[in-house]
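Reading through the structure tokens given below for one structure.
The values are calculated or read from the model by the stated rules, or taken from the named source; none is laboratory data. Quantities reported herein were computed from a predicted structural model and do not represent experimental measurements. Cβ placement follows ideal geometry from the backbone for every residue including glycine, while neighbour counts extend to all protein chains displayed. Heads up: the accessible areas ignore ligands, DNA and RNA and are worked out on the full protein's heavy atoms, side chains in. Shrake-Rupley method; radii C 1.70, N 1.55, O 1.52, S 1.80 Å.
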Amino acid sequence: MKSRFSGVAFLIVITLMVALASGHLVSAAGAPQQPAAVSTAEVSPQRALLDQYCVTCHSERIVSRPADPDESLQITQLRNVGLTLDTEDVTNVAANPEVWEKVVRKLRVGAMPPPPRPRPDQATYDRFRARLESELDHAAAANPDPGRTQAFHRLNRMEYRNVIRDLFDLDIDVSELIPADAPDEHGFDNNAGALSFSPALLERYISAAHKISRLALGVSPAGPVSTTYDVPLNLMQDDRLSEDLPFGSRGGVAINHTFPVDGLYRIKVKLQTNYVQFVRGLDDPHDIEISLDGARLEQFTIGGEAPGVPAPYSFAGNIRGDDAWESYQMRFSDAGLVVEVPVKAGPRIIGATFPRERWEDEGVLQPRQQGFALAVNDMPDTNPRVGSIEITGPLTDDGPGDTPSRRRILICRPATPADEPGCATEILSSLARRAYRRPVTDDDVATLIEFYEAGRQEGGFESGIQFALERLLASPDLLLRIERDPVDATPDTAYPVSDVELASRLSFFLWSSLPDEELLALAEEDTLSEPAMLARQVRRMLADDRAAALIEGFVGQWLYLRNLASVYPTPSEFREFDENLRQAFQQETELFIDYQLRADRSVLELLSADYTFVNERLARHYGIAGVNGSRFRRVNVEGDRQAGLLGHASLMTVTSYPNRTSPVLRGKFVLENLLGAPPPEPPPNVPALEETDADGKPRSLREAMVEHRENPACRVCHATMDPIGFSLENFDAIGAWRTTFAGKPIDTSGVLPDGGAFDGPTGLRDMLLARPADFVGTVTEKLMTYALGRGVQYYDMPTVRRIVREAEAVDYRWSAIILGIIKSAPFQMRRSES
């Protein structure tokens, strides 16, 4: 027996030794095990560090191992990552910078090695990362690579709208004319590689060109056209809702509408109803005013005169009142409030609102109605609300009028037929130069003149101009930003883009639109790229109102503000959420960053600011006293909400589920958008969280996540994401402050894999501010992605780090970051095709 046991033991020992020697020892959970100690006598300290802490998982033996259906998910993930650090030469990172930039990105947040694996002390960790970055930057300086942007870069929908605005002085909503562009993998919808151009899309642009050119020149519609502007059901109309509505008003709406010609138009205001079209608030009389450009057109008095016997309270449409009462109700529902008025062509503001009335609710106060109840209840004793405005016309046509777009287009007016060809050439040459964003050629003008002549034969001079504008708006030279390699360029070499191309890069970065006359003139003189001139132009452009596009385009996508429109928190959980709050969330963050950009504050103030912008509705949501009215103003914030962006309800809402918060979504957002270290995609078939215990009692999210992290493949990412997300748990799914959940105190403490501990949103803020280069580097990387219209690649990262280092001298001001990007090689240069 003894001899037999000894033989088995001997075989086990031999097997273990072979496994250790070949590096194939795997734990019961399927994770690679630490190899035997490696002698460092003949290797560099960097190689010794990798061998000790990294190559256990990231090695050739893992990546090249044949796939096994029984292997752990962790092994599969390691194979998919594909890092073989045992075969890479760490003493010569220039040989494969792509791999080492991946390593730097993981080291940025201390994600590797993942717990519970051993890791070096923090000083060694930081030295290794600093050495890698230094050597990568040195290699890039010796052999710069600006990257290659796409030769053809289609305008996205926002850029197309702005081009129409700046070219024709015509600001219209193009969302019904061309489809939206989906963001790419980097989160932005202006990436040239993702902006395809299909035949179906070209048809949409041709159709849009026809409609826009007719509207710009005031061509008479074939007949009256009706346009309806709906007011959201969940918009609370209890205060002044727009700067375009009079002081002392309540509710209603102000809309911007472009009237195509001078003429008579019908304006119909319909009041809000329940789901069976019974108007709300008719128990008492109320005044409503309809205005045009702030001047009153008509005032109506509604309600207070209902005859007969009404339906039982809140049952209108389900239990019938008598005929007289029903007829009175339907009169307001079907006919609406109508005024017919002559209107001059061009952009006008139509308003409909009520004089503000003050009252105090009596009796038992009821919770705000949401969802089904809001749709069903006719609320006869409440205040009425505007449901929609419908504009129909022209009922009579009095000509094109004198509009901003006609003044912009018709820069000359021919006095005689003999003057028409010269005037047409002048008009079309000027517009083509702006639209194509370059000097025009004789062929460019000749093509437009051919279309002008065809249109002129049908309807005269202006008809010819309109037909030529259709051709211009559908031209590839307008729809595409085109960059060509020099004819004598050596393949696969860097060259500076022309000043004309630089002007377009600059204007579409800062304005999401075409260059203005000053910028284009400098480009044609080849003086725009001069450093001093370029800096002056950047400062001028940032001070221009058109720089608001940087907030809408860049900030709106970087911080997910565009997603707010599609967020619908569960009404039963968040009764206080309404359209007013949704709009306030977005406006707070936009005003916050717009102020910092225009005041040229430090990028770090995104997190360290002790102020924000609120109106009364948002201040009440935040618990800030002393703020009255719908106007936004700057206020100081204190305590736990003093965390800059991390205290904004907009961010907390777009990183939550409709019915609860999500530490994972919030942690992922911070990693990806504030620290520049996005976690990999989750494995398939991730089970849902168990939100209740065995007794059916609700568990905190922290308790529910414990089981989820038991899987080693999940633990790698969640060890970094979850502590960050949990630190923001004091904010509920719509950003309101709370201290308990399910009757228990909320634990907002967290520890990252590198040992960094923090507690709550201010603790997370301090942790991020303690590594300013990482945070500013992430903002720079995101902004550069948006500026270039392509993803930032490994060869761009040395440029990002250089911009951050130079900006440090001026406290990381926004102007230093933006100018650093514009002056960089990736922005001013391009690699020729190989």
Inset, instruction - Give, in nm to one decimal, the length gained when the segment between Asp477 and Asp610 is fully stretched (0.36 nm per residue of separation minus the Cα-Cα distance). - result: 43.2 nm
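Taking 0.36 nm per intervening residue step and subtracting the Cα-Cα distance, what contour gain separates Lys211 from Leu769 on full extension?
On the way: separation 558, 0.36 × 558 = 200.88 nm, distance 5.09 nm.
Value of the extension gain: 195.8 nm.
DSSP loop chymotrypsin sites (Phe, Trp or Tyr not before Pro) in region 78-156 with at most 13 other Cβ atoms within 10 Å of their Cβ, which ones?
Working: sites: Trp100, Tyr125, Phe128, Phe152; in loops: none.
Counting only loop positions with at most 13 other Cβ atoms within 10 Å, none of the chymotrypsin sites (Phe, Trp or Tyr not before Pro) in region 78-156 qualifies.
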Inset, instruction - Can you send over the solvent-accessible area of Glu133, 1.4 Å probe, protein chains only, in Å² to the nearest 10? - result: 40
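Find the Cα radius of gyration of region 564-641, compare it with 2.2 N^0.38 Å by division, and give the number to two decimals. Write down the numbers at each step before the final one.
On the way: Rg = 13.5 Å, N = 78, 2.2 N^0.38 = 11.5 Å.
Expressed relative to 2.2 N^0.38 Å, the Cα Rg reads 1.18.
Eigenvalues of the Cα gyration tensor times 5, then square-rooted: what semi-axes does that give for the chain, in whole angstrom, largest first? Display every interim value, and only then the final one.
Details: eigenvalues 597, 333, 104 Å².
Taking √(5λ) for each eigenvalue gives 55, 41, 23 Å, largest first.
With r as the distance between the Cβ atoms of Asn563 and Ser327 and R0 = 56 Å, compute the FRET efficiency 1/(1 + (r/R0)^6) and round to 0.05.
Working: r = 45 Å, r/R0 = 0.81.
Approximately 0.80, to the nearest 0.05.
Within region 520-567, list the GluC sites (Glu not before Pro) lying in a DSSP loop whose Cβ has at most 12 other Cβ atoms in a 10 Å radius.
Numbers: sites: Glu524, Glu525, Glu552; in loops: Glu525.
Here the sparse-neighbourhood loop sites are Glu525.
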Inset, instruction - Just name one of Val343, Pro367, Phe332: the one whose Cα is farthest towards the positive end of the charge dipole of region 323-372 (beta-carbon charges, Lys/Arg +1, Asp/Glu -1). - result: Val343
Inset, instruction - Decide, for region 299-395, between rounded, prolate and oblate: order the square roots of the alpha carbon gyration tensor eigenvalues as a ≥ b ≥ c, take rounded if a/c falls under 1.5, and otherwise choose prolate if a/b is larger than b/c, else oblate. - result: prolate
Inset, instruction - Measure out, as a whole number of angstrom, how far apart the alpha-carbon centroids of region 289-352 and region 585-601 sit. - result: 40
Legend entry - Cβ-Cβ FRET estimate between Ala180 and Ala94, R0 fixed at 41 Å, reported to 0.05: 0.45
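Round to a whole number: what % of the accessible area of region 78-214 belongs to carbon and sulfur, probe 1.4 Å?
Working: 3320 of 6470 Å².
Solvent-exposed carbon and sulfur of region 78-214 make up 51 percent of the total.
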Legend entry - Under 21 Å from Lys744, Cα to Cα: lysines that are on another chain or at least 8 residues apart: Lys697
Legend entry - Neighbourhood charge, 14 Å Cβ-Cβ cut-off, centred on Val637 and excluding it, Lys, Arg +1 and Asp, Glu -1: -1
Legend entry - Distance in nm between pseudo-label sites at Thr84 and Thr490 (7 Å out along the Cβ direction from Cα): 3.2
Legend entry - Per-residue SASA entry for Val225, accessible area with 1.4 Å probe, Å² rounded to 10: 80
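Quote the charge dipole size of region 166-222 about the Cα centre in Debye, to the nearest 20; the model charges only the Cβ of Lys and Arg (+1) and of Asp and Glu (-1).
On the way: 3 positive and 10 negative charges, 79 e Å.
With only Lys, Arg, Asp and Glu charged at Cβ, the dipole is about 380 debye.
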Legend entry - Span-like helix ranges in the chain, DSSP H, alpha carbon extent 24 angstrom or more, Kyte mean at least 0.0: 2-22, 199-217
Legend entry - Rounded to the nearest 20 debye, dipole of region 741-834 from Cβ charges on Lys, Arg, Asp, Glu: 400
Legend entry - Asn143-Arg368 pseudo-label distance in nm [points 7 Å out on the Cα-to-Cβ vector]: 6.1
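Checking the table Lys211/Lys782; Lys211/Lys344; Lys106/Lys823; Lys102/Lys823 against a 30 Å threshold on Cα-Cα, which pairs fail?
Details: Lys211/Lys782 36 Å; Lys211/Lys344 19 Å; Lys106/Lys823 28 Å; Lys102/Lys823 25 Å.
Violating the 30 Å Cα-Cα cut-off are Lys211/Lys782.
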Inset, instruction - Kindly provide the helix-only [θ] at 222 nm of the chain, computed as the sum of -39,500 (n - 2.57) over DSSP H runs of four or more divided by all residues, to the nearest 500 deg cm²/dmol? - result: -12500 deg cm²/dmol
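Could you give the C-alpha radius of gyration of region 536-692 expressed as a fraction of 2.2 N^0.38 Å, taking N as the number of residues it contains? Working shown, then result.
Values: Rg = 17.1 Å, N = 157, 2.2 N^0.38 = 15.0 Å.
Cα-based Rg divided by the globular estimate yields 1.14.
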Legend entry - Net +/- balance of residues flanking Ser213 in space, Cβ distance below 10 Å, scoring K and R +1, D and E -1: +2
Inset, instruction - Give me the Debye-computed log₁₀ of I(q)/I(0) at q = 0.13, 0.26 Å⁻¹ for region 435-506, equal point scatterers on Cα only, no solvent, two decimals. - result: -0.52, -1.13
Inset, instruction - Just name one of Gln299, Pro496, Gln52: the one whose Cα is farthest towards the positive end of the charge dipole of the chain (beta-carbon charges, Lys/Arg +1, Asp/Glu -1). - result: Gln52
Inset, instruction - Taking the Cβ of Arg240 as the centre, find all other residues whose Cβ is under 12 Å away and add up their charges (Lys, Arg: +1; Asp, Glu: -1). - result: -1
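How far, in nm, would the chain grow between Val225 and Arg575 when pulled straight, counting 0.36 nm per residue and subtracting the alpha carbon separation?
Values: separation 350, 0.36 × 350 = 126.00 nm, distance 3.87 nm.
Roughly 122.1 nm would be gained on extension.
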Inset, instruction - With only Lys, Arg, Asp and Glu charged, each at its Cβ (+1 for the first two, -1 for the last two), find how big the charge dipole of the chain is about the Cα centre; round to the nearest 20 debye. - result: 1920
Inset, instruction - Pick out, in residue order, every one of the trypsin sites (Lys or Arg not before Pro) in region 737-834 that is DSSP loop and has at most 11 other C-beta atoms within 10 Å; say none if there are none. - result: Arg738
Inset, instruction - Give, in whole angstrom and from largest to smallest, the semi-axes √(5λ) of the equivalent ellipsoid of region 440-595, with λ running over the eigenvalues of the Cα gyration tensor. - result: 39, 27, 16
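Highest mean first, what order results for 427-439, 537-549 on Cβ atoms within 10 Å?
Details: 427-439: 20.6, 537-549: 16.2.
Result, highest mean first: 427-439, 537-549.
For Asp323, Asp600, give me the order by solvent-accessible area with a 1.4 Å probe, most accessible first, ignoring ligands, DNA and RNA. Show your work: numbers first, answer last.
Numbers: Asp323 105, Asp600 45 Å².
Most to least solvent-accessible, the answer reads Asp323, Asp600.
So, for region 573-640, what is the accessible surface per residue at a probe of 1.4 Å, expressed in square angstrom? Before the final figure, lay out each step's value.
Values: 2920 Å² over 68 residues.
Result: 43 Å² of accessible area for each residue.
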Inset, instruction - Compare the Cα positions of Ile817, His153, Ala773 along the charge dipole of the chain (+1 at Cβ of Lys, Arg; -1 at Cβ of Asp, Glu; about the Cα centre) and return the one farthest towards the positive end. - result: Ala773
Inset, instruction - Compute the relative contact order of the chain as a whole-number percentage, counting only Cα pairs closer than 8 Å that sit 6 or more residues apart in sequence. - result: 14
